[in-house]
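Trainee: Okay, handing you the structure first.
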């Protein structure tokens, strides 16, 4: 049987299932006249919980890290909370009920309050409160859950979902990988799998009722494919695939520190996309040589008001300093479209992707735009920061944005605040109009970065979030390739550098074509860097130039992809 | 009883890190410490209570303590607020 989920952490796992199905906590309301006794039971269960939480804290601190261990410090605080447990004791005394019932009732009320707050942080705390409360209730009821901290043999964990308490106990030596029913790529469990570097697939509906303990499963953490009780032939096939994957992973490790240079000596820059200063860890781990796209909107999201200039300055400075002089391209606020900020109270639009967003909003709201530019300029003395404007559609807008930047520079000069006078300013090329007119734009900027996600969407008029038409969204579309080629050529004619951020820059099939077109900077997610370097080291620009000229003359996306598959062979071993 | 009025001037208000710092500091004292916001009382030693208060930048709060170290407790918490929790 084959099931499909979302690949959350790469790698192939083959092994026996350990089904982690936690028993449902059945809580009955019972009348208790001896309330003293109930309160003593609560105290004892809390003591035991405290011990478990402290052990989890120590374990996580030693095996994963301080940041991840902090969650258990928070659990400890919740367990010591006088308000929370004060309410529970109060309920036991006044209503003369059993402790399990009182605890559940109080938890439900508090969790609801937290979940209803319009704030991601508070919602996470609701999950923590539930986690702690369930721990105490399990102890009270004497319910055991599958212990995954002391495993005898190697297993693949299959579960509905994994809580922070669960992932903290995962022993990398014994857990080959895990499969969960719920969650997406950004769920807690998926993030932890990547941190631990074990394969994982999430969002596999129905898996917990389709396997039993000891069943053999195979899964592919890239493709998201799960094969239950495979035939001998399949098993052999995947064993080979796994071996290849692992030896290739080792070869990639050896590329750390190497230059990204083609066989005929053309060197390009492989840089990474980040959203927060924390993502710099991934950059350093995967040996990217800079940041090609810093999405600043995360600084503005999940909060009640705009970030101050100071907060932004600190974030930009931290990234610039940790990159130690390597380039950091920072994109100014790109909000609107699918990314909303509730506190700006923007009106709902019929066509948000064609509406009031990104630079359009910033030019209108200089009270938002200027503090960001000030923070960027001030941070520019701490590293090699470059400023990039998103969603530019006309020369007028570019000139206007540059004029605002000049005003801010002038203010800083008056205040005797230092910044990099030579700071590079570029634009994201993501609207077809700009690609077509890129010869004109090239005269007025220091660089281009082609944003392919939106460029495909706007060129083909396909909403990339609409599943009914998602087959029309295709990175091999010849129109896209033609626009990309135009932008690169026009950039080079004017003597400026051209890069690309967006999924295409990390696409193994298109990297050779982009090399052939002369692209100089590739910005992708950090985990794709070493594989891209491998591809580049195995091709020549001369040959790819010929390939690029041929594909650009093909009429359909399907033919483009087929041509690449047939003619560009790269060994991944 | 000892009390003082303060205003939150830090960006995050009593959320996230500042909230846990506040609770940790309050828990160091023996006195019974409470926060009054909009005439409602919250236990200062409770992370759940402090978070559910939803105090943002600009909120005015009264810190009240009763017990043998009431003055020290209130002053220590006031100092934490006045220094913007080290933000």
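Trainee: When only residues in the stretch A:228-241 that are in contact (Cβ under 8 Å) with a residue 60 or more places away in the chain and not in a helix (DSSP H, G or I) count, which is nearest to residue A:178 (Cα to Cα)?
Mentor: Looking only at the stretch A:228-241, we keep the residues that are in contact (Cβ under 8 Å) with a residue 60 or more places away in the chain, and these are A:228-229, A:235, A:238-239, A:241.
Next cut, not in a helix (DSSP H, G or I) only: A:228-229.
Values: A:228: 13, A:229: 16 Å.
Among those residues, the one meeting the criterion is A:228.
Quick grid of which residues meet (1) surrounded by 14 or more Cβ atoms within 10 Å (Cβ to Cβ); (2) in contact with a strand residue (DSSP E or B) (Cβ under 6 Å, 6 or more places away or on another chain):
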residue: A:13; (1), (2): yes, yes
residue: A:19; (1), (2): yes, yes
residue: A:35; (1), (2): yes, no
residue: A:40; (1), (2): no, no
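Trainee: Within the stretch A:101-129, can you find the residues that are more than 19 Å from residue B:14 (Cα to Cα), buried (at least 18 other Cβ atoms within 10 Å of the Cβ) and either within 14 Å of chain B (Cβ to nearest Cβ) or within 28 Å of the chain's Cα centre (by Cα) (or both)?
Mentor: Listed by number, the residues that qualify are A:103, A:106, A:107.
Let's see how each residue does on (1) under 27 Å from residue A:171 (Cβ atoms); (2) free of Cβ contacts under 8 Å to residues at least 12 places away in the same chain:
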position	(1), (2)
A:30	no, no
A:37	no, yes
A:42	no, no
A:57	yes, no
A:61	yes, yes
A:71	yes, no
A:83	no, yes
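Trainee: Assess whether residue A:96 counts as being more than 10 Å from chain B (Cβ to nearest Cβ) and touching a strand residue (DSSP E or B) at 6+ places or on another chain (Cβ under 8 Å). Working first, answer last.
Mentor: Details: more than 10 Å from chain B (Cβ to nearest Cβ): yes; touching a strand residue (DSSP E or B) at 6+ places or on another chain (Cβ under 8 Å): yes.
In short, yes.
Trainee: Here's a follow-up. Return the residue satisfying two criteria in turn: it lies in the stretch B:13-39 and is buried (at least 20 other Cβ atoms within 10 Å of the Cβ) and assigned to a loop (DSSP other than H, G, I, E, B), and of such residues it is nearest to the other protein chains (Cβ to nearest Cβ).
Mentor: Selected residue: B:15.
Trainee: Hey, can you tell me all the residues within the stretch A:506-528 that are at pLDDT below 95, assigned to a helix (DSSP H, G or I) and buried (at least 21 other Cβ atoms within 10 Å of the Cβ)?
Mentor: A:506, A:526, A:528
Trainee: Surrounded by fewer than 17 Cβ atoms within 10 Å (Cβ to Cβ), in contact with a strand residue (DSSP E or B) (Cβ under 9 Å, 6 or more places away or on another chain) and part of a strand (DSSP E or B) - does that describe any residue in the stretch A:242-254?
Mentor: No; the residues of the stretch A:242-254 include none that is surrounded by fewer than 17 Cβ atoms within 10 Å (Cβ to Cβ), in contact with a strand residue (DSSP E or B) (Cβ under 9 Å, 6 or more places away or on another chain) and part of a strand (DSSP E or B).
Trainee: Quickly run through the stretch A:452-471 and pick out the residues that are closer than 20 Å to residue A:563 by Cβ and surrounded by fewer than 17 Cβ atoms within 10 Å (Cβ to Cβ).
Mentor: The answer is A:471, and nothing else.
Trainee: Turning to a different aspect of this structure: Identify, please: which residue in the stretch A:145-167 is out of contact with any helix residue (DSSP H, G or I) (no Cβ under 6 Å at 6 or more places or on another chain) and free of Cβ contacts under 8 Å to residues at least 60 places away in the same chain and is, among those, surrounded by the most Cβ atoms within 10 Å (Cβ to Cβ)?
Mentor: By that ranking, first place goes to A:161.
Trainee: Mind telling me which of the residues A:373, A:363 ends up being farther than 23 Å from residue A:290 by Cβ, in contact with a helix residue (DSSP H, G or I) (Cβ under 8 Å, 6 or more places away or on another chain) and at pLDDT 95 or above? Outline the logic, then answer.
Mentor: Working: A:373 fails: farther than 23 Å from residue A:290 by Cβ.
So the residue among A:373, A:363 that is farther than 23 Å from residue A:290 by Cβ, in contact with a helix residue (DSSP H, G or I) (Cβ under 8 Å, 6 or more places away or on another chain) and at pLDDT 95 or above is A:363.
Trainee: Is it the case that some residue within the stretch A:70-88 is more than 11 Å from chain B (Cβ to nearest Cβ), over 21 Å from residue B:21 (Cα atoms) and either surrounded by fewer than 19 Cβ atoms within 10 Å (Cβ to Cβ) or more than 33 Å from the chain's Cα centre (by Cα) (or both)?
Mentor: So the first thing to find is which residues in the stretch A:70-88 are more than 11 Å from chain B (Cβ to nearest Cβ), and the list is A:71-72, A:88.
Right, trim to over 21 Å from residue B:21 (Cα atoms) and you get A:88.
When the remaining residues are screened for being either surrounded by fewer than 19 Cβ atoms within 10 Å (Cβ to Cβ) or more than 33 Å from the chain's Cα centre (by Cα) (or both), the result is A:88.
Checked against the condition, which is being more than 11 Å from chain B (Cβ to nearest Cβ), over 21 Å from residue B:21 (Cα atoms) and either surrounded by fewer than 19 Cβ atoms within 10 Å (Cβ to Cβ) or more than 33 Å from the chain's Cα centre (by Cα) (or both), the stretch A:70-88 yields at least one hit.
Trainee: Working only within the stretch A:341-372, note down all residues that are assigned to a helix (DSSP H, G or I), in contact with a strand residue (DSSP E or B) (Cβ under 7 Å, 6 or more places away or on another chain) and within 17 Å of residue A:299 (Cα to Cα).
Mentor: To start, the set of residues in the stretch A:341-372 that are assigned to a helix (DSSP H, G or I) comprises A:342-344, A:352-354, A:358-364, A:366-372.
Subset that is in contact with a strand residue (DSSP E or B) (Cβ under 7 Å, 6 or more places away or on another chain): A:352, A:358-359, A:361.
Residues satisfying the conditions are A:358, A:359, A:361.
Trainee: Any residue at all in the stretch A:277-296 that's at pLDDT 90 or above, farther than 27 Å from residue A:511 by Cβ, surrounded by 17 or more Cβ atoms within 10 Å (Cβ to Cβ) and touching a strand residue (DSSP E or B) at 6+ places or on another chain (Cβ under 8 Å)?
Mentor: no
Trainee: Checking residue A:307 against (1) in a loop (DSSP other than H, G, I, E, B); (2) more than 14 Å from chain B (Cβ to nearest Cβ): exactly one of these is not met. Which one?
Mentor: Residue A:307 satisfies every listed condition except (2).
Trainee: What do you reckon, is residue A:130 in the same structural domain as residue A:39 (by TED's automatic domain parsing), more than 30 Å from residue A:300 (Cβ to Cβ) and touching a helix residue (DSSP H, G or I) at 6+ places or on another chain (Cβ under 6 Å)? Please lay out each step first, then the result.
Mentor: On the way: in the same structural domain as residue A:39 (by TED's automatic domain parsing): yes; more than 30 Å from residue A:300 (Cβ to Cβ): no; touching a helix residue (DSSP H, G or I) at 6+ places or on another chain (Cβ under 6 Å): yes.
Judged against the criteria, residue A:130 is not a match.
Trainee: Among the residues of the stretch B:48-62, is there at least one that is under 10 Å from the mean Cα position of the chain (by Cα), within 11 Å of chain A (Cβ to nearest Cβ), surrounded by 22 or more Cβ atoms within 10 Å (Cβ to Cβ) and not in a loop (DSSP other than H, G, I, E, B)?
Mentor: Yes, some residue in the stretch B:48-62 is under 10 Å from the mean Cα position of the chain (by Cα), within 11 Å of chain A (Cβ to nearest Cβ), surrounded by 22 or more Cβ atoms within 10 Å (Cβ to Cβ) and not in a loop (DSSP other than H, G, I, E, B).
Trainee: So, one more: Among the residues of the stretch A:311-340, how many are at pLDDT 95 or above and part of a strand (DSSP E or B)?
Mentor: Selection size over the stretch A:311-340: 5.
Trainee: Test residue B:80 against the stated conditions and say whether it is under 9 Å from the mean Cα position of the chain (by Cα) and either crowded, with 21+ Cβ neighbours inside 10 Å or farther than 23 Å from residue A:107 by Cβ (or both).
Mentor: Values: under 9 Å from the mean Cα position of the chain (by Cα): yes; either crowded, with 21+ Cβ neighbours inside 10 Å or farther than 23 Å from residue A:107 by Cβ (or both): yes.
Judged against the criteria, residue B:80 is a match.
Trainee: Is it the case that the stretch A:378-389 has a residue that's touching a helix residue (DSSP H, G or I) at 6+ places or on another chain (Cβ under 8 Å), at negative phi and surrounded by fewer than 16 Cβ atoms within 10 Å (Cβ to Cβ)?
Mentor: no
Trainee: Are any residues in the stretch A:46-69 over 24 Å from residue A:124 (Cβ atoms) and either over 37 Å from the mean Cα position of the chain (by Cα) or within 14 Å of another protein chain (Cβ to nearest Cβ) (or both), and if so, which ones?
Mentor: A:47
Trainee: Could you say whether any residue in the stretch A:382-396 is under 27 Å from residue A:552 (Cβ atoms), at pLDDT 95 or above and part of a helix (DSSP H, G or I)?
Mentor: yes
Trainee: Here is a list of conditions, (1) assigned to a helix (DSSP H, G or I); (2) touching a helix residue (DSSP H, G or I) at 6+ places or on another chain (Cβ under 6 Å), and residue A:492 meets all of them except one; can you say which number that is?
Mentor: In the conditions (1) assigned to a helix (DSSP H, G or I); (2) touching a helix residue (DSSP H, G or I) at 6+ places or on another chain (Cβ under 6 Å), residue A:492 misses (2) alone.
Trainee: Given the conditions (1) closer than 22 Å to residue A:111 by Cβ; (2) away from chain A (no Cβ under 11 Å); (3) at pLDDT below 90, and given that residue B:9 satisfies all but one, which numbered condition is not satisfied?
Mentor: It fails just one condition, (1).
The values are calculated or read from the model by the stated rules, or taken from the named source; none is laboratory data. Remember, it's a predicted structure, so these values are computed and weren't measured experimentally. So basically every Cβ, Gly included, is an ideal-geometry build from the backbone, and we count neighbours across all protein chains shown.
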